[in-house]
1. Can you list residue pairs whose Cβ atoms sit under 6 Å apart, with the first residue in the range 72-95 being within 19 Å of Gln134 (Cα to Cα) and the second being assigned to a loop (DSSP other than H, G, I, E, B) and charged (D, E, K, R)? Count only pairs 6 or more apart in sequence or on different chains.
2. Among (1) assigned to a helix (DSSP H, G or I); (2) at pLDDT 90 or above, there is one condition Trp255 misses while meeting the rest; what is its number?
3. Kindly list the number of the only condition in (1) at pLDDT below 90; (2) surrounded by 12 or more Cβ atoms within 10 Å (Cβ to Cβ) that fails for Asp260.
4. Which condition from (1) in a helix (DSSP H, G or I); (2) buried (at least 17 other Cβ atoms within 10 Å of the Cβ) is the one that Phe147 breaks?
5. Pick from the range 81-128 the residues that are farther than 22 Å from Met1 by Cα and of a type in the set (A, V, I, L, M, F, W, C): which of them is modelled with the lowest pLDDT?
6. Among all residue pairs at least 6 apart or on different chains, which show Cβ distances below 7 Å where the first residue, located in the range 259-273, is touching a residue at least 40 places away in the same chain (Cβ under 8 Å) and the second is outside any helix (DSSP H, G or I) and surrounded by fewer than 20 Cβ atoms within 10 Å (Cβ to Cβ)?
7. Restricting to the range 59-78, name every residue that is surrounded by 19 or more Cβ atoms within 10 Å (Cβ to Cβ) and modelled with pLDDT under 90.
8. Restricting attention to the range 285-295, does a residue exist that is within 18 Å of the chain's Cα centre (by Cα), of a type in the set (A, V, I, L, M) and either modelled with pLDDT of 90 or more or surrounded by fewer than 20 Cβ atoms within 10 Å (Cβ to Cβ) (or both)?
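The values are calculated or read from the model by the stated rules, or taken from the named source; none is laboratory data. Small disclaimer: the values here were computed from a predicted structure and weren't measured. Cβ coordinates were reconstructed from backbone atoms using ideal geometry, including for glycine residues, and neighbour counts include every protein chain displayed.
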Amino acid sequence: MNEDEEDEIRDIINTWLDANMEIFGEILEEWEENEYVQPYSYSKTQFKCNDCAKCCNFSLSNHWVWIYPYDMVKWLQKLDDEEYSPLFLSAIFPVEDLDGISGYGLPSQKEISIRYEEMIRENKKFPIVQKTLQAILRNLKRLNPDFDPTSNYCIYYTPNPKYNSGHCLIYKNRPIQCQAYPFDYPQFTKFVIPGYKEEIQDEELPLCPSSTYIGGDPKDKVKISEDSIENVIIEKANYKTSVVIEDWSKKSEEWKKIKDLDLCDLFLQYFHKDILALERKTKYIKDKNQKSAKYMAGKRPARKKR
């Protein structure tokens, strides 16, 4: 791929990110200004994570971790500082929830192993695709020494916490959905958002064991910090953005094109050199003066001080 083709892909990615982040910024500003997500003032129960890692087991939670444009922008902004940023962006898959809302997410170790092996076999005529996919799997195993192709855990989960402060190997770069869990459940926060009545009546408890709740029953509501509330607002505003894009794409051909872009394929094309370079002893470094894969066009919305 030549420089012109790289520029074209970068511009397409930025167009998609700009469209999503613009909507996200408007939703986030409205939600923060109107305090649509609120704590329970009367709650007495406290929560303390015990690193049980149940939320990392996709067979238990019956979900993948969603990767929003918000997460992609953060990872893109860290390209020069985080060695594995190209891997973070390249190892995502399309996802769709039960309401038909589509997006991107992190697969399990088993899922990525099965799908990539299939794609490697299907791309015999395209050796660069095969090499890139094989390099992603090798680098996941390099980042995660406990990577198990039969495991239903997240690709960044390790059963051995010695590699990090907990089980997550990308904890400081983890997606906003992970940061918001389990505080986005109705035991922690109430939603006073127009149109969310049916959704917030769901009283299902998160996967966290009972020992994580201190001083009371989680059904009687749980205390939550301001920082955790902020993460819930950001995560829910991100999901609402996906809903809006889905709705608009049904009415506008322009939005349909944006929604139907395959970010997985675009990231793989753009970062294949970086992925292959992760395994070299001499790290591949981009020319600081050229236009790189940094998120150039859009900006993350300003945070509102709470």
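1. Partner pairs satisfying both residue conditions: Ser85/Lys78.
2. In the conditions (1) assigned to a helix (DSSP H, G or I); (2) at pLDDT 90 or above, Trp255 misses (2) alone.
3. (2) is the only condition that Asp260 fails.
4. Here Phe147 clears every test but (1).
5. Checked the range 81-128; the qualifying residue modelled with the lowest pLDDT is Leu98.
6. Every condition considered, the pairs that remain are Cys264/Phe93; Cys264/Pro94; Gln269/Met1.
7. Trp64
8. no
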